[in-house]
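What follows is a short report on a single structure.
The values are calculated or read from the model by the stated rules, or taken from the named source; none is laboratory data. In this text, all values refer to a predicted model and were calculated from it rather than measured experimentally. Here Cβ is always computed from backbone atoms with ideal geometry, including for glycine, and neighbour counts include all displayed protein chains.
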Amino acid sequence: MKKLYNFIFVSLIGFSVLAQSGNAETIKIEKEIISNAKAMGDASVATYSMYKLIALEGANSTYKDSLAFIYFSSRKYGSCFLMANEVLKRDPKNEPILEIKAISLESLGAIDKSLETYAELFELSENNYHGYTTAKLQLAMKQYPEAYTTIKKVEGLNDSGNYKVTFNINQNHTQQVELLAAIPYLKGLIEQGLEKPTDAKLSYNKALKIQPDFVLAKEKLDLLN
């Protein structure tokens, strides 16, 4: 009987080693498939292999991060939001994942939830674009005092020079505006909401000083004059 137990024990160890070896080989193959699928621009194949890797590697697999970004780039915002939440359970201060979660929620029309996520992100990053977007959503929710507090904080932050904001001029045209001009423009909108027309004029003038061809800022200023 003892020999039988020893045989079973050794057999189980051997099976475990073989299983681990098999898993390692499968993981290697799936990673190669993902690399090739990305090179060919085949998101569906990459997605399928990532799900297999997540199943093999477990709940903390870093491929959840990659999968969230694939969903985001494919504009599958519902799936991106759900996968981002999975990542944030493990890594709640992951700024890139928080950002795509916030954008996904906004794209899905969940403005209040997007605002919550952007506010959390802005607190972590102190990035002026994140703050600008937080204030913009607060304005959309008609939270004028909160938006004013946020935009004033944003004004005091350094600008990386990497951001531009797209505005719809009319049904057929858009305009790219420097973030540094978009910030005082947004402040002007908030000040109008707070019934501070004199302050709003100063903000629109500041936006135009930074970017003289800023169409919407000029229109708002003309209406106040």
For segment 160-167, does any single residue satisfy the condition of being out of contact with any His (no Cβ under 6 Å at 6 or more places or on another chain), crowded, with 16+ Cβ neighbours inside 10 Å, among the β-branched types (Val, Ile, Thr) and part of a helix (DSSP H, G or I)? no
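Any residue at all in segment 180-189 that's of a type in the set (A, V, I, L, M) and more than 23 Å from the chain's Cα centre (by Cα)? Can you show your working first?
Our first condition is that a residue be of a type in the set (A, V, I, L, M); within segment 180-189, this holds for 180-183, 186, 189.
Subset that is more than 23 Å from the chain's Cα centre (by Cα): 189.
Checked against the condition, which is being of a type in the set (A, V, I, L, M) and more than 23 Å from the chain's Cα centre (by Cα), segment 180-189 yields at least one hit.
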Only residues in segment 57-74 that are over 23 Å from Ser107 (Cβ atoms) and assigned by TED's automatic domain parsing to the domain that holds Ser44 count as the first member; pair them with residues that are among the charged types (D, E, K, R) and modelled with pLDDT of 85 or more, Cβ under 7 angstrom, at least 6 apart or cross-chain, and list the lot. Asn60/Arg90
Inspect segment 132-142 for any residue being under 17 Å from the mean Cα position of the chain (by Cα) and exposed (fewer than 13 other Cβ atoms within 10 Å of the Cβ) and give the result as yes or no. no
Candidate set: segment 110-121, residues that are more than 16 Å from Leu82 (Cβ to Cβ) and over 11 Å from the mean Cα position of the chain (by Cα); chosen: the one surrounded by the most Cβ atoms within 10 Å (Cβ to Cβ): Leu115
Checked segment 39-67 for anything at pLDDT below 80, surrounded by 15 or more Cβ atoms within 10 Å (Cβ to Cβ) and over 16 Å from Ile29 (Cα atoms); matches are Ala43
Tell me, please, whether a residue that is on the phi < 0 side of the Ramachandran plot, free of Cβ contacts under 8 Å to residues at least 12 places away in the same chain and either assigned to a helix (DSSP H, G or I) or surrounded by 12 or more Cβ atoms within 10 Å (Cβ to Cβ) (or both) can be found in segment 203-216. yes
Only one of these conditions is not met by Ile103: (1) under 12 Å from the mean Cα position of the chain (by Cα); (2) within 22 Å of Ala46 (Cα to Cα). Which number is it? (2)
Please tell me if Glu106 is closer than 24 Å to Glu219 by Cβ and crowded, with 16+ Cβ neighbours inside 10 Å. no
Going through segment 168-186 one residue at a time, which ones are touching a Lys or Arg at 6+ places or on another chain (Cβ under 7 Å) and surrounded by fewer than 17 Cβ atoms within 10 Å (Cβ to Cβ)? Gln176, Glu178
